[in-house]
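Let me begin by presenting the structure, written as structure tokens, before commenting on it.
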Amino acid sequence: MLTKSTFRAGLTSLLALFLVFFVTTPAHATIDNVVATIAVGDEPWSVAITPDGSKALVAISNANRVDVIDTATNTVQTSITVSGSPTDIAINSLGTYAYVSKNTGDAVAVIRLSDLTVVATVNVGSAPLGISVSPDSSKIYVANVISNTYSVIRASDNTVTNTVSTATSPLMVAVSPDGSKLYVTNYAASSLQVFTTSNNTLANTISIGAESRSMAFSPDASKLYVVNKGPNTVSVVNTATNTVTDTISVASGPMGMAITPDGAKLYVACFDTGQVQVIDTATKAVISTINVASGMTGIAVTPNGRSAYATSLLNDTVSVINLVEPTPTPTPTPQELAKTGSSSEAGAVLSVVAIISLFGGALFLRRKNSLSTR
């Protein structure tokens, strides 16, 4: 027999299910999707994020400037004039200075981050591109593509202290997390060179894929991941043995790459397909493909691992990619929603409550009338 108590219990259960599935489920709960697109200057080449995660600096090559994005609002906060085709950016671990390679200016611009001002210009070799800062922020390394060298800059006085010969067309550089080694990808030589930073001597040369570019270390520094644009692959290098242990196939035209702080995923920006591919570092397989924009070049992950910023050279945009599931919100009661006064969810819930109540009341009266005529 249908009683008032069982009917009310049924209504309560139905309302609870509605709240769970229609009110508390976020509209965009999936990970690895584009959540914002930011218009920037002509030909954004690379992006770097400050250690506190508050700013993303974008090298705008054809506009001769660096655009500064406020990551809280995902808007361009300001632009800094940097002549000579700014191409790559590195920020020191202290968060005090950013260093920008000026590819046609044969120099490195030094930006003070406290007031976003260029405070020095350091002349280096011909066509500088990849740039990296030592973990202790004392040295800056920059690859000079046409000179076939890398320059070492002393941060304390912005002076070049050493110029070191490399193989043909050094493109990118990466300092190991302990600062003891410098890795150089040689675009034309299809090699990865390993230098000892204490004396800038060559320690090893590793054969690698053609047109090697960006690099990323695993958090424990046991592995170095290297993008190879020619064969569309990512090489996994064992840094203890200096050997390639695995090769991962990716989409066409891989350029930039970034790793999450926990080392679980690699994000590879692919120029030809306009995609960012996600690699599971445990299985060494592509697990997701994110359609972003044509001409993807650079990508950086925020220090908290929640977002990635990726540059599109052809679209003049920076795309923001969500990397984690949003935190679910507690289930509100209809009364709590009604108190907000402006929530569309409140109106929806209360409307459903009213419909259920009317339906239930009609059902109860119908049953009461039926019993009275017997």
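Values as computed for the structure displayed
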read-out: Condition broken by Glu325, with the remaining ones in (1) open to solvent by less than 60 Å² (accessible area, probe 1.4 Å); (2) at pLDDT below 95; (3) under 30 Å from Val58 (Cβ atoms) satisfied; value: (1)
read-out: Qualifying residue in the range 104-120 (condition: open to solvent by less than 20 Å² (accessible area, probe 1.4 Å), assigned to a loop (DSSP other than H, G, I, E, B) and out of contact with any Gly (no Cβ under 9 Å at 6 or more places or on another chain)); value: no
read-out: The range 151-172, residues that are more than 16 Å from Ser138 (Cα to Cα) and either touching a Phe, Trp or Tyr at 6+ places or on another chain (Cβ under 9 Å) or open to solvent by 40 Å² or more (accessible area, probe 1.4 Å) (or both); value: Thr163, Val164, Ser165, Thr166, Thr168, Ser169, Pro170, Leu171, Met172
read-out: Residue satisfying condition, being farther than 20 Å from Asn92 by Cα, over 20 Å from the mean Cα position of the chain (by Cα), aliphatic (A, V, I, L, M) and modelled with pLDDT of 95 or more, within set Ala72, Ala63, Ala39; value: Ala63
read-out: Hits in the range 271-283 - residues which are under 15 Å from the mean Cα position of the chain (by Cα) and of a type in the set (Val, Ile, Thr); value: Val276, Val278, Ile279
read-out: Which numbered condition Tyr187 fails, given (1) out of contact with any Leu (no Cβ under 6 Å at 6 or more places or on another chain); (2) within 25 Å of Lys102 (Cα to Cα); (3) among the hydroxyl-bearing types (Ser, Thr, Tyr); (4) open to solvent by 30 Å² or more (accessible area, probe 1.4 Å); value: (1)
read-out: Within the range 133-183, tally of residues that are on the phi > 0 side of the Ramachandran plot and among the hydroxyl-bearing types (Ser, Thr, Tyr); value: 2
read-out: The range 203-223 - residue that is of a type outside the set (Gly, Ala, Ser) and in contact with a Ser or Thr (Cβ under 8 Å, 6 or more places away or on another chain) and, of those, surrounded by the fewest Cβ atoms within 10 Å (Cβ to Cβ); value: Thr205
read-out: Asn144, sole failed condition from (1) surrounded by fewer than 21 Cβ atoms within 10 Å (Cβ to Cβ); (2) touching a Pro at 6+ places or on another chain (Cβ under 6 Å); value: (1)
read-out: Condition check for Thr311: farther than 27 Å from Ala72 by Cα, open to solvent by less than 40 Å² (accessible area, probe 1.4 Å) and modelled with pLDDT of 95 or more; value: no
read-out: Ser79 vs. criteria open to solvent by less than 70 Å² (accessible area, probe 1.4 Å), polar (S, T, N, Q) and in a loop (DSSP other than H, G, I, E, B); value: no
read-out: Residue check, Val100 open to solvent by less than 30 Å² (accessible area, probe 1.4 Å), hydrophobic (A, V, I, L, M, F, W, C) and either assigned to a strand (DSSP E or B) or within 15 Å of Gly41 (Cα to Cα) (or both); value: yes
read-out: Residues of the range 220-265 satisfying the condition of being among the small types (Gly, Ala, Ser) and either more than 23 Å from Ile131 (Cα to Cα) or touching a residue at least 24 places away in the same chain (Cβ under 8 Å) (or both); value: Ala221, Gly230, Ser235, Ala240, Ser249, Ala251, Ser252, Gly253, Gly256, Ala258, Gly263, Ala264
read-out: Condition met for Lys181 (buried (at least 18 other Cβ atoms within 10 Å of the Cβ), among the charged types (D, E, K, R), within 29 Å of Ile111 (Cα to Cα) and modelled with pLDDT of 95 or more); value: yes
read-out: Leading residue by the ranking (surrounded by the fewest Cβ atoms within 10 Å (Cβ to Cβ)) among those in the range 33-44 that are in a loop (DSSP other than H, G, I, E, B) and not acidic (Asp, Glu); value: Gly41
read-out: Selection from the range 45-66 of residues that are open to solvent by less than 20 Å² (accessible area, probe 1.4 Å), in contact with a Ser or Thr (Cβ under 6 Å, 6 or more places away or on another chain) and either at positive phi or without any contact (Cβ under 8 Å) to a residue 40 or more places away in the chain (or both); value: Gly53
read-out: Exclusive hit being within 24 Å of the chain's Cα centre (by Cα) and open to solvent by less than 40 Å² (accessible area, probe 1.4 Å), set Val194, Val286, Val226; value: Val226
read-out: Residue pairs meeting the criteria (Cβ under 7 Å; at least 6 apart or on separate chains; first within 16 Å of Ala48 (Cα to Cα), in the range 108-121; second open to solvent by less than 50 Å² (accessible area, probe 1.4 Å) and not in a strand (DSSP E or B)); value: Val108/Val124; Ala109/Val82; Val110/Asn158; Leu113/Thr50; Leu113/Gly95
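The values are calculated or read from the model by the stated rules, or taken from the named source; none is laboratory data. Note that the structure is a prediction, hence the values are computed from the model and not measured. Because the Cβ atoms are built from the backbone with ideal geometry, glycine has one as well, and the counts that use them run over all protein chains shown. To get the accessible areas, we keep the full protein, side chains included, count just its heavy atoms, and leave off ligands, DNA and RNA. Shrake-Rupley method; radii C 1.70, N 1.55, O 1.52, S 1.80 Å.
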